Structure formats: structure tokens, C-alpha cells
Amino acid sequence: MGRVGLLFRISAGLVALVISIVLMLDSFGLLERASDQQIADRARLAEVVATQISASPSMANLNAIRGVLQAARRNNPELLSAGLRGADGRLLISTPDHRQLWQPADPEQSTPDHLRVPMFQRGKLWATLELRFETIAAVGPLTALLTSPLARLLGALGASCFVAFALYMRRMLRHLDPSAVIPTRVQAALDVMAEGVLILDKHEEVVLANLAFATRIGRSDQSLLGMKPAALDWRLKDSEDRPVEFPWTQAIRGGLAVRGVALRLIGEEGRFATLVVNSSPVLDGWGRVKGAIVTLDDVTELERNSNELQRALVELEKSRDEVRLQNEELQVLATTDPLSGVANRRSFYETADTAVRAAHAARTPLCFVMCDIDHFKRINDDHGHSTGDEVITRLAEVLRSTTGSTRAVCRYGGEEFCALLEDYTAERALSFAEMVRRHIAGPGFARVPVTVSFGVASIGSGTETAAQLIGRADEALYVAKKTGRDKVVLHGGPEFEAAAEAVRA
Ligand code: GH3
Ligand code: MG
Ligand code: MG
């Protein structure tokens with residue numbers, strides 16, 4: 001049976017009980033009926049009129065008696081007519097239509113509507129006062145019922161009792177329902193759970209709240225009975241918006257289980273808990289939804305930990321990036337010449353070794369070009385050390401841009417550079433060096449005139465190392481210096497061989 005049906009039946013039953021009690025009291029005569037009251041009033045009026053007539057001296061003053069009757073008639077709407085009948089049965093005096101209206105059912109006795117009052121003078125009956133009232137029985141049974149004060153009392157009592165009982169019972173049922181629906185041992189079992197549990201009826205009102213949930217929101221489990229959980233301050237997990245529909249509403253309306261909905265429950269002073277809500281419908285034997293069971297898993301702590309972990313990970317990532325950056329900077333510092341920005345000798349050897357081994361393996365050409373600024377001491381002496389630095393930097397720039405690489409050019413010594421030319425044949429390396437030489441010797445290279453000498457060494461079919469090849473390029477450079485400077489000499493080339501011959505001779 002629905003709760004409203006039950007409410008109606010209990011209230012109606014209680015109202016019937018109250019009405020029965022009132023009727024019983026009435027049957028015992030404890031309640032005065034209106035008709036009894038009416039008859040008593042009529043008797044009192046008859047008494048008053050009779051007393052007033054007795055005060056007038058007998059028949060001598062009929063006019064005074066008429067006045068009394070007419071006044072009584074006028075002042076009592078219920079009184080239809082009045083008359084005074086002599087002992088001989090003749091009507092002595094009366095209100096105008098008394099003769100027609102006076103039709104007693106009983107010729108001797110008074111009735112509620114035909115009242116007789118015998119009047120005596122000196123112990124002898126001299127007249128009878130007749131008062132004709134409205135007939136009480138003349139009212140129809142339904143009208144009598146409706147106009148009867150008892151019926152009115154019962155109606156008012158019934159209606160007000162029904163409202164009062166319905167309101168009272170509604171409140172009471174909230175508290176009575178859970179104990180009827182949820183046995184104490186079930187409540188006790190749910191109370192030991194760490195997870196919050198709510199059991200709702202189909203109106204989404206709480207019929208059970210376990211201890212964990214009540215404690216979570218700082219209320220007693222009893223005070224939650226009958227309330228709607230939607231009345232609490234719920235928000236979506238990642239915003240300040242209220243959920244459009246709650247999981248338990250979906251479970252009750254749709255009859256389907258809803259799992260893993262994360263919601264925030266705002267408590268006092270804005271403190272909140274993050275709860276993962278699961279809700280399943282509770283069905284009766286016919287598969288109809290009677291309510292929902294809701295579990296609320298408090299993940300506030302877990303979420304806080306996860307957020308902290310996330311923050312720590314971000315920090316870690318950041319410091320890892322910083323370390324990587326610092327390492328890169330250190331790597332650059334360790335492998336680069338600070339003045340010219342090209343590789344230093346140590347790192348160049350690593351690059352050169354790898355390249356030479358690869359060229360041997362692949363049988364591809366490779367050359368080294370060694371160069372040295374001519375009479376650099378003079379540049380320093382004539383134009384200052386900073387101009388000397390500028391010339392060194394310019395030469396590095398030219399080599400870097402023409403080879404297209406930073407790692408393949410190194411500052412070998414003070415104003416001495418070496419370039420690694422992979423896939424360059426000796427001819428190609430010679431023209432490369434020649435092009436650079438001309439560019440430097442031409443106008444616009446630096447603020448002061450500069451020339452550079454070049455020595456070129458090409459990989460052979462043997463197993464030369466990078467160091468050996470660089471050594472050969474240096475020997476060729478030496479020949480260039482010795483044979484006039486501002487020129488390119490190929491190790492093993494005609495000019496180199498001629499110089500060697502001259503030395504041998
Ligand atoms: P050569 O044509 O025979 O090479 O004559 P040179 O004067 O250039 O002779 P050398 O190569 O022996 O001279 C190198 C000079 O370069 C010596 C040194 O004072 C100068 N030097 C070395 N490193 C630097 C540097 O970083 N800056 C400047 N300004 N001068 C440097
Ligand atoms: Mg020099
Ligand atoms: Mg030098």
C-alpha cells in the first residue's frame with residue numbers, strides 16, 4: 001500500500017473513532033440536543049406570557065391581554081399565533097390567525113408546537129393560554145440532519161481531526177517506516193561499514209542512513225530520516241555547479257544502477273568531501289522500483305594524496321628539465337671554445353675519430369683542412385688584442401658557415417683552426433680551402449687586412465687515424481707557411497712534394 005493510502009486510511013479510521021465516541025456520549029444524553037433546548041425555551045416563553053396575563057385583572061382588561069399576546073408574537077419569530085380560551089372552550093381573545101393555526105394533534109396534552117398553559121383564578125380554572133409554535137418535525141430529515149448542531153459539530157470535528165491526524169501521522173510514519181522496513185540487525189550491519197550507505201524510498205526520502213554517512217555530514221542518523229539527500233549542498237567534482245540529476249534519482253526513475261559518479265558534498269565552513277556515489281534501485285517482488293540503495297565512498301584523502309603526488313611529479317619533471325638544461329649547457333661548455341663558439345680540440349677529436357672510422361668502413365672520401373692566420377702577432381701588436389680576438393671570431397664564423405657545421409670545425413690552437421670535411425675528395429677540399437682563403441683575403445672580411453694559410457690532408461686507402469690525418473694537414477700547412485703564406489697546400493701534392501724534396505736536398 002502506498003504511503004498516502006496508508007495515511008488516508010489511518011486518519012479516516014481515527015476520525016470514525018472520534019465520531020463514534022461523540023455519538024455514544026450523545027446517546028447517553030451527555031450532549032444536549034438542540035430540539036430539547038428549543039422546547040425548554042418555548043416552555044419558558046409560555047410561562048412568561050402566562051405570568052403577564054395573570055397580572056392583568058381577569059376579563060376586565062382584554063385589551064391588555066391582547067397587547068401581551070401580540071408582543072409575544074412579535075418578539076418570537078418561532079411563535080406563529082397565541083390565544084386565550086375560556087373554561088367553556090370559547091376563544092376569548094387571540095392573535096389574528098390563531099383560529100386557523102391552532103390544530104392540536106392531542107386535544108388534552110401540550111405538544112412541542114401546540115403549548116397549553118391552564119390559568120387559575122381563586123383556585124378555579126378560568127382560561128387556557130394557547131401558544132402555536134413552528135412545527136419542529138416539519139423539517140425534512142436531510143435538512144434536519146444538516147442543520148442539526150450535532151451534525152455540524154461532527155462535520156467540523158471530523159474535518160479538523162482528519163487534517164490534524166493526517167499531518168501528525170505523516171510525521172510519525174517517517175519515523176515508523178524505517179523500523180518497519182529496516183530491521184535493527186541490518187542497520188547494525190550497515191553501521192560497521194566505513195563506506196556511507198543510504199537507503200531511500202521511492203520519494204527519495206531517507207529510510208536509513210548508516211553511521212559513516214551521518215558522521216561524515218555531522219548529523220545523527222535519526223535526524224536524517226525522512227529528509228531528501230538532494231537537499232544537501234552537492235556540487236559537481238570539478239566545478240561549483242549543482243548536479244542536474246542525482247545518481248539515486250536516475251536509479252529510482254530509470255530503474256538502472258548508476259556507478260562511480262564523483263560528487264563534492266559541501267559541509268560547514270565550506271569544507272568539502274569528495275564522494276564516489278553508486279546507486280542501485282531496490283525492487284519489489286514484481287520488479288517495481290521501491291527506492292534505491294546508495295553507497296558513498298569518501299575519496300577526499302585519496303584525492304588529496306593524488307593531487308600532492310601530481311604536484312610532486314610536476315616539480316620533479318621541472319627539476320629534471322632544469323638538470324637536463326644544465327647538463328646541456330655543461331656539455332656545450334665542455335665541448336665548445338668560448339671565444340669562437342666552435343668545437344674545442346678534445347670534442348673535435350671525438351667527432352673526427354668517428355667520422356674517419358665511418359669513412360674507412362664505407363670507403364668514402366674525407367679531408368681535414370688546417371689553417372693558421374698569417375703574421376697574427378703583428379695584428380695583435382698593431383691593432384690590439386681585441387682586434388686580434390675579433391679576427392679569430394670572424395675566421396671561425398666563416399669556417400662554420402661554409403662547412404655548415406659547428407661540430408666539424410675546431411679551434412685547434414691560438415689562431416689555428418681545423419675543419420673536418422666528410423665526403424670531400426682532395427680536389428673538392430682544395431677548392432673549398434681556396435674559396436675560403438680568397439674570401440678572407442678579399443675586402444670586407446675584417447677591419448684589418450688578414451690572410452690565412454691552409455694545409456689539406458685527404459683520407460687514403462690505408463688505415464690512418466684522425467690524429468694522423470690532422471698531423472698531415474698540419475705538415476701541409478707548415479709547407480704553405482714556408483713557401484710564402486696566404487696559400488693552400490695539399491699533403492702529398494706537387495708543391496708539398498717539391499718542398500719535401502728541397503728539405504731532403
Ligand atoms: P705566422 O704567420 O708564422 O703564423 O706568424 P704568427 O705571428 O701568426 O705566429 P704564431 O702563429 O706563432 O703566433 C700566434 C700568436 O697568436 C701568439 C699569440 O700572442 C697570439 N694569440 C694566441 N691566442 C690568441 C688569442 O686568443 N687572442 C689574441 N688576440 N691573440 C692570440
Ligand atoms: Mg699564425
Ligand atoms: Mg699559429
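The values are calculated or read from the model by the stated rules, or taken from the named source; none is laboratory data. Note that the structure is a prediction, hence the values are computed from the model and not measured. Note that each Cβ is placed from the backbone with ideal geometry, even for glycine, and that neighbours are counted across all protein chains shown. When the accessible area is computed, the model is the full protein with side chains, heavy atoms only, and any ligands, DNA or RNA have been set aside. Shrake-Rupley method; radii C 1.70, N 1.55, O 1.52, S 1.80 Å.
For residues that are modelled with pLDDT of 85 or more and of a type in the set (S, T, N, Q), scanning just region 110-139, find the one that is nearest to I39 (Cα to Cα). Once the filter is applied, the top-ranked residue is T111. Within the set S239, S319, S280, the sole residue that is among the hydroxyl-bearing types (S, T, Y) and not assigned by TED's automatic domain parsing to the domain that holds A212 turns out to be S319.
Evaluate the following for A352: is it open to solvent by less than 10 Å² (accessible area, probe 1.4 Å), more than 22 Å from Y478 (Cβ to Cβ) and more than 16 Å from ligand 2 (Cβ to nearest atom)? So A352 does not fit the description; no. Within the option set E245, E269, being open to solvent by 70 Å² or more (accessible area, probe 1.4 Å), out of contact with any Cys (no Cβ under 6 Å at 6 or more places or on another chain) and on the phi > 0 side of the Ramachandran plot holds for one residue only, E269. Screening region 366-406 for residues that are within 16 Å of ligand 3 (Cβ to nearest atom) and assigned to a loop (DSSP other than H, G, I, E, B) and picking the one that is surrounded by the most Cβ atoms within 10 Å (Cβ to Cβ) gives D374. Of the helices (runs of 4 or more DSSP H) that lie entirely inside region 407-505, those containing 2 or more residues that are farther than 11 Å from F368 by Cα and within 16 Å of ligand 1 (Cβ to nearest atom) span 426-441, 466-482. Looking only at residues of region 361-389 that are touching a Lys or Arg at 6+ places or on another chain (Cβ under 9 Å) and more than 17 Å from S340 (Cα to Cα), we find that the one that is farthest from ligand 2 (Cβ to nearest atom) is P365. Only one of the numbered conditions (1) under 19 Å from S453 (Cβ atoms); (2) within 16 Å of ligand 1 (Cβ to nearest atom); (3) touching a residue at least 24 places away in the same chain (Cβ under 8 Å) is not met by K377, and that is (3).
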